[in-house]
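Encoded as structure tokens, the structure appears first; notes follow it.
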Amino acid sequence: MSEKEKSKLSLWLIIGVVVLIVLLFIWLTVADLFGDTDVAAFISL
């Protein structure tokens, strides 16, 4: 791959990671608003 193709791939990778992080924050905010953050429910001791 040429340097230009690598640069383009890197740009899209960064954009994808940023979008996923934003979606994660939105998901966690909505879950917090609905009170659905009971992580301990998945732990069975």
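Restricting to the chain, count the residues that are among the small types (Gly, Ala, Ser) and at pLDDT 75 or above. Step through it out loud before you land on a result.
Step one: list which residues in the chain are among the small types (Gly, Ala, Ser), which gives 2, 7, 10, 16, 31, 35, 40-41, 44.
Narrowing the set further to residues that are at pLDDT 75 or above leaves 7, 10, 16, 31, 35.
Residues in the chain being among the small types (Gly, Ala, Ser) and at pLDDT 75 or above: 5 in total.
I need the full set of residues from region 1-29 which are part of a loop (DSSP other than H, G, I, E, B) and out of contact with any Leu (no Cβ under 8 Å at 6 or more places or on another chain), in order please.
Just the residues of region 1-29 that are part of a loop (DSSP other than H, G, I, E, B), to begin with: 1-2.
If the condition is that a residue be part of a loop (DSSP other than H, G, I, E, B) and out of contact with any Leu (no Cβ under 8 Å at 6 or more places or on another chain), then Ser2 is the only one that fits.
Beta carbons closer than 6 Å, at least 6 apart along the sequence or on distinct chains, never pair a first residue in region 1-29 that is open to solvent by 80 Å² or more (accessible area, probe 1.4 Å) with a second that is among the β-branched types (Val, Ile, Thr).
The values are calculated or read from the model by the stated rules, or taken from the named source; none is laboratory data. All values derive from a computational prediction rather than experimental measurement. In this analysis, Cβ positions are derived from the backbone assuming ideal geometry, glycine residues included, and neighbour counts consider all displayed protein chains. For the accessible areas, the whole protein counts, side chains as well, though only heavy atoms, and no ligand, DNA or RNA atoms are used. Shrake-Rupley method; radii C 1.70, N 1.55, O 1.52, S 1.80 Å.
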